[in-house]
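Worksheet: one structure, shown below.
The values are calculated or read from the model by the stated rules, or taken from the named source; none is laboratory data. Predicted model only: the values in this text are computed from it and were never measured. All Cβ positions, glycine included, derive from the backbone under ideal geometry; neighbour counts span all protein chains shown.
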Amino acid sequence: MDALVCTQCTKTYSLNDPIWKCSSCGGVLDLEFRPTFDRNKISSRPLTLWRYREALPLFSDENILSLGEGCTLLSPVDFAGTRVWVKQDQLCPSGSYKDRGAAILISKVKELGIKKVVEDSSGNAGCAIAAYCTRGGIRCEIFVPASTSPGKLAQIQHYGAHLHLIPGSREDTAAAVLKAAETDYYASHAWNPFFFHGTKTFAYETWEQLGWQAPDTLILPAGHGTLLLGAALGFQELAAAGLAEKIPKIIAVQAANCAPLAAAFEQELACVPAIEKEDTLAEGIAIAEPLRGMQILRAVKDSGGKFITVHEEEIASALRGVCRQGFYIEPTAAAVVAGIWKYVQTAPSEVIVSIFTGHGLKSTEKMLKLLSSQPETAA
Ligand SMILES: *Cc1c(COP(=O)(O)O)cnc(C)c1O
Ligand SMILES: [Zn+2]
């Protein structure tokens, strides 16, 4: 039977319970849910992620909130002779892949009859949650670090959300929203399991676009792992349904300046270590204390993958390179591209899939700075 299940004490709850964490032990929840797939139905439907309707945990079509998300292009991009298939999720309605998770989660919020939510974010999740909330007439309050890119702050407010600017670190913002979440439903992209049942559509689409086949390798960002865990889940579901032969190897990319998971993976630690995080261009994945850290480590390990860390100069140079190919992405998205550059040096002959996670227009200040710090030889 479908249920919310606690990852710590295994207690189960109905999918209709308006909870976002275990009421008995406070643990993180996952969903027990059996998706079904009908290729004929899928191919006959419009190009949004709702074409996988029977695989999405929503009871009634009436509650679907859509802005045309998903079914992004899977474009071949050349990396020094190696072809990598890149999902262009910077072209999602709010400008990042977070729309996948927000569409499912906020549709579910509507289905539950919840009238107001709170969310915290380094920017893009806040934009996505705010977009779908306004679509559904649901009030929302978004908490972000005061240092968040102004473009994202403008976007959140234009969607009509109430914005809270929190001084200090990303972790201070997380603490502030937890206080608010004592009284309001927490539409968290890290805590809330419905979000991951949206990001899993990245896997479904990739599978469909490659001719109903799984690729060999995925190169994905790892902060809170909201895409990575969703992608792993999606391929697990396809494999369990007998529709994909394997789960791709997951290469997880972290910024070297904030890489607690890479450290845990390399040193085979039983928990995610406390780290001194330094500033990074990749603001969107600068997560020092990933909520689902152990899940991420397990997903990467089980897939036969590994972690790659990328330095600031590598992120900057990856960003400049990809813009010169005509793709305009934000610095956080460029961290993944820097990871691709490192991975292709191992000269794999594999089908590799990656993603442009967010649009460059969201981070104009940072993009301008990178322009003025451009090495002269590259001009
Ligand atoms: C959210 C986000 C990521 C991935 O972050 P996770 O914390 O792993 O979910 C990557 N790039 C961009 C642009 C993002 O907004
Ligand atoms: Zn529990």
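Computed values, structure above
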read-out	value
Residues of the range 317-340 satisfying the condition of being closer than 30 Å to Glu268 by Cα and either out of contact with any Gly (no Cβ under 8 Å at 6 or more places or on another chain) or surrounded by fewer than 19 Cβ atoms within 10 Å (Cβ to Cβ) (or both)	Ala318, Pro331, Ala334, Ala335, Val336, Ala338, Gly339, Ile340
Residue that is nearest to ligand 1 (Cβ to nearest atom) [pool: residues in the range 22-38 that are small (Gly, Ala, Ser) and exposed (fewer than 15 other Cβ atoms within 10 Å of the Cβ)]	Gly26
Residues satisfying the stated conditions in the range 190-242, i.e. touching a strand residue (DSSP E or B) at 6+ places or on another chain (Cβ under 8 Å), among the β-branched types (Val, Ile, Thr) and within 13 Å of ligand 1 (Cβ to nearest atom)	Ile219
Meets criteria (in a helix (DSSP H, G or I) and at pLDDT below 95) for Gly321	no
Residue pairs meeting the criteria (Cβ under 6 Å; at least 6 apart or on separate chains; first within 16 Å of ligand 1 (Cβ to nearest atom) and at pLDDT 95 or above, in the range 1-21; second among the aliphatic types (A, V, I, L, M) and not in a loop (DSSP other than H, G, I, E, B))	none
Residues that are at pLDDT 95 or above and among the small types (Gly, Ala, Ser), drawn from the range 341-355	Ser354
Any hit, the range 169-176, residues being more than 16 Å from ligand 1 (Cβ to nearest atom) and surrounded by 24 or more Cβ atoms within 10 Å (Cβ to Cβ)	no
Residue count, the range 346-370 (criterion: among the polar types (S, T, N, Q) and in contact (Cβ under 8 Å) with a residue 12 or more places away in the chain)	4
Residue match in the range 268-275 (condition: in contact (Cβ under 8 Å) with a residue 24 or more places away in the chain, of a type outside the set (A, V, I, L, M) and either in contact with a Lys or Arg (Cβ under 9 Å, 6 or more places away or on another chain) or surrounded by fewer than 21 Cβ atoms within 10 Å (Cβ to Cβ) (or both))	no
Tally, over the range 15-38, of residues that are away from ligand 2 (no atom under 16 Å from the Cβ) and among the charged types (D, E, K, R)	2
Residue within the range 104-119 that is in contact with a Gly (Cβ under 9 Å, 6 or more places away or on another chain), closer than 23 Å to Leu227 by Cα and not in a helix (DSSP H, G or I) present	yes
